[in-house]
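Q: Sharing a structure below in structure tokens format, with a few things to ask.
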Amino acid sequence: MPNSTPTARALMLAAVGVDDVEELFEQIPPDHRISRPLGLPPGIRSEATLDRLMRGLLSRNRSISDVINFLGAGLWQHHVPAVCDEIAGRSEFLTNVWGTPSSDVGRNQAWFEYASQLGELVGMEFVGLPVYSWGAAAGYAARMAARMTGRGEVVVAGPMDPERLAVLRTLCGPAEMERSLTLRTVGYDPATGRADLDAIAAAIGPATAAVYIENPNFLGMLEADAGEIAGLARAAGAETIVGVDPISLGLLAAPSTYGADIIVGTTQPLGVHMHAGGGIGGFIATRDDERYARQYPTLQSSLAATRRPGERSFGMTLFHQTSYGSREDGNDWTGNSVYLWAVVNAVYMALMGPQGFAEIGTTISANSAWAADRIAQVPGVRVRWRGFFKEFVVDFSDTGRTVTEINAALRSADIFGGKDLSTDFPELGQSALYCVTEVHTAEDIHALVAGLKEALA
């Protein structure tokens, strides 16, 4: 690496005023540092040998292109139209970072279309550019609510993805940090898989800045009492934040219709492939109300009049509120984002239209319900609850087999089984979260059922 030469190292050390790089790590306690050699194998100097090694490692992977996949739990397999990839690969978008106002008009228009279409989908008028993930969006929304109400507690209602909850907890900050928020998690009703209304009512108090609920929730269940929960929050002077999977909104009512003040969620189902190691997109949406707009930490793409009469153009607004415009003085430090995915999302939503979203929602609902019926017919297996969308909990406790064993057997049949819930939700026993979308065929479901019978034989 160019900066690893002795001359470069000496220049950098001189610039920061130290004689040895070890001085930079004095604040790390000795028992937190490894003093022994790592024992790594010697470096590979041959490019051909390295190429062969990497290809061998990569060939061990099994992707959703190779198997039938029923994994979801926050990253779902949906069909991505070819035109989404085509537009994402265009140099105008792929290589665009920041330019002049005139050169960025096309990009800004694409972002404006993203915000407009997503706002219509969730039933809100004001949508920021996407952040890194759903968890990040939930965290920023919680902090928005805290700034608006002057309160310091957030009630998390119902089952939530543990990873997403960890991101939310991180963005709320440790107790020692200034402006940190306290999370109060409220469990779910084991009889229904939905948020416990009585427990939520007991948790809400004068310090509650917001109540956060997901619909559908992490276990796939539709929160039938979401409107009542929003009413409880409103009566206490708190904001209601609803997390949502946007692919469900062609079939389900938009959260704005049952009392959501701030809507967050993921944009990954809207034309973005499954992938790991990078952001998959999260959005924040509210009413077009200055009270909310002034609290956004994200970039906004707006349409406004220019100096020429009758002409309008696209540009960024409320820039000073962001960490881009004000650095550490912004509303929040938003970090990395996924602006290319916003362009892809705009393409996907334009292709689908209202009828397309209605059709895909109906298809997913029918496919998942039929799959649950077939799985429930396997001896010893039961589907925990009904009234779900796209994902449902399958309980294998009565089979005497663990989810780990069952999933291993399914993998040998080229099937990815559901996400093992036994660690994160031990009260559910040996249960797994299965995901069925529009990409699954009757043959896929038949193969899964046959694989389960073989694994449990």
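Q: Would you check if THR7 is at pLDDT below 95 and part of a helix (DSSP H, G or I)?
A: Answer is yes for this residue.
Q: In addition: Looking at region 109-135, I want the residues that are on the phi > 0 side of the Ramachandran plot and have a partner that is outside any helix (DSSP H, G or I) and of a type outside the set (Phe, Trp, Tyr) with Cβ atoms under 9 Å, at least 6 apart or on another chain. Which pairs are those?
A: GLY123/ALA253; GLY123/ALA254; GLY123/ALA260; GLY123/ILE263; GLY123/ALA285
Q: Next up: Looking at (1) under 35 Å from the mean Cα position of the chain (by Cα); (2) modelled with pLDDT of 95 or more; (3) farther than 30 Å from THR286 by Cα; (4) surrounded by 10 or more Cβ atoms within 10 Å (Cβ to Cβ), find the lone condition where ARG62 falls short.
A: Unmet for ARG62, out of (1) under 35 Å from the mean Cα position of the chain (by Cα); (2) modelled with pLDDT of 95 or more; (3) farther than 30 Å from THR286 by Cα; (4) surrounded by 10 or more Cβ atoms within 10 Å (Cβ to Cβ): (2).
Q: Within region 380-398, does at least one residue satisfy the condition of being hydroxyl-bearing (Ser, Thr, Tyr), assigned to a helix (DSSP H, G or I) and farther than 30 Å from GLU214 by Cα?
A: No, region 380-398 has no match at all.
Q: Let me spell it out: the conditions are (1) part of a helix (DSSP H, G or I); (2) within 28 Å of MET160 (Cα to Cα); (3) touching a Leu at 6+ places or on another chain (Cβ under 7 Å); (4) not aliphatic (A, V, I, L, M), and ARG401 meets all of them except one. Which number is the exception?
A: Failing condition for ARG401: (1).
Q: So if I check each of THR298, THR306, THR334, THR286, which one is among the polar types (S, T, N, Q), at pLDDT below 95, buried (at least 22 other Cβ atoms within 10 Å of the Cβ) and over 30 Å from SER63 (Cα atoms)?
A: Just a single option satisfies the conditions, and that option is THR298.
Q: If you don't mind, another one. Of these, ALA358, ALA376, ALA366, ALA371, which one is crowded, with 21+ Cβ neighbours inside 10 Å and not assigned by TED's automatic domain parsing to the domain that holds LEU94?
A: Going through ALA358, ALA376, ALA366, ALA371 in turn, the sole match is ALA371.
Yes/no per residue for (1) over 28 Å from the mean Cα position of the chain (by Cα); (2) not basic (Lys, Arg):
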{"residue": "ALA366", "(1), (2)": "no, yes"}
{"residue": "TRP370", "(1), (2)": "no, yes"}
{"residue": "ARG374", "(1), (2)": "yes, no"}
{"residue": "GLN377", "(1), (2)": "yes, yes"}
{"residue": "ARG384", "(1), (2)": "no, no"}
{"residue": "GLU391", "(1), (2)": "no, yes"}
{"residue": "THR399", "(1), (2)": "yes, yes"}
{"residue": "VAL403", "(1), (2)": "no, yes"}
{"residue": "ILE406", "(1), (2)": "no, yes"}
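Q: While we're on this one: Hey, which of the strands (runs of 3 or more DSSP E) in region 257-344, taking only ones fully inside, have at least 2 residues that are under 18 Å from the mean Cα position of the chain (by Cα)?
A: Ranges flagged: 262-266, 282-286.
Q: Does GLY74 satisfy the condition of being buried (at least 17 other Cβ atoms within 10 Å of the Cβ) and assigned by TED's automatic domain parsing to the domain that holds GLU438?
A: For GLY74, the condition - buried (at least 17 other Cβ atoms within 10 Å of the Cβ) and assigned by TED's automatic domain parsing to the domain that holds GLU438 - is met.
Q: A further question on this structure: For region 147-180, how many residues are closer than 24 Å to LEU428 by Cα and part of a strand (DSSP E or B)?
A: Final tally of qualifying residues: 3.
Q: Are any residues in region 181-201 within 22 Å of the chain's Cα centre (by Cα), not aliphatic (A, V, I, L, M) and not in a strand (DSSP E or B), and if so, which ones?
A: Answer for region 181-201, where residues must be within 22 Å of the chain's Cα centre (by Cα), not aliphatic (A, V, I, L, M) and not in a strand (DSSP E or B): GLY187, GLY193.
Q: Further question: Can you tell me which residue is farthest from LEU421 (Cα to Cα) among those in region 207-256 that are of a type in the set (Val, Ile, Thr) and in a strand (DSSP E or B)?
A: So the residue we want is THR208.
Q: Then there's this: What number of residues within region 419-457 satisfy the criterion of being buried (at least 19 other Cβ atoms within 10 Å of the Cβ), out of contact with any helix residue (DSSP H, G or I) (no Cβ under 6 Å at 6 or more places or on another chain) and either of a type in the set (A, V, I, L, M, F, W, C) or over 17 Å from ASP398 (Cα atoms) (or both)?
A: Total satisfying the criteria: 7.
Q: To continue, here is another question. Given (1) touching a helix residue (DSSP H, G or I) at 6+ places or on another chain (Cβ under 8 Å); (2) surrounded by 10 or more Cβ atoms within 10 Å (Cβ to Cβ); (3) farther than 30 Å from TYR434 by Cα, where does LEU121 come up short, assuming only one miss?
A: Result: LEU121 passes all but (3).
The values are calculated or read from the model by the stated rules, or taken from the named source; none is laboratory data. This structure is a prediction, so every number in the text was calculated from the model and none was measured. Note that each Cβ is placed from the backbone with ideal geometry, even for glycine, and that neighbours are counted across all protein chains shown.
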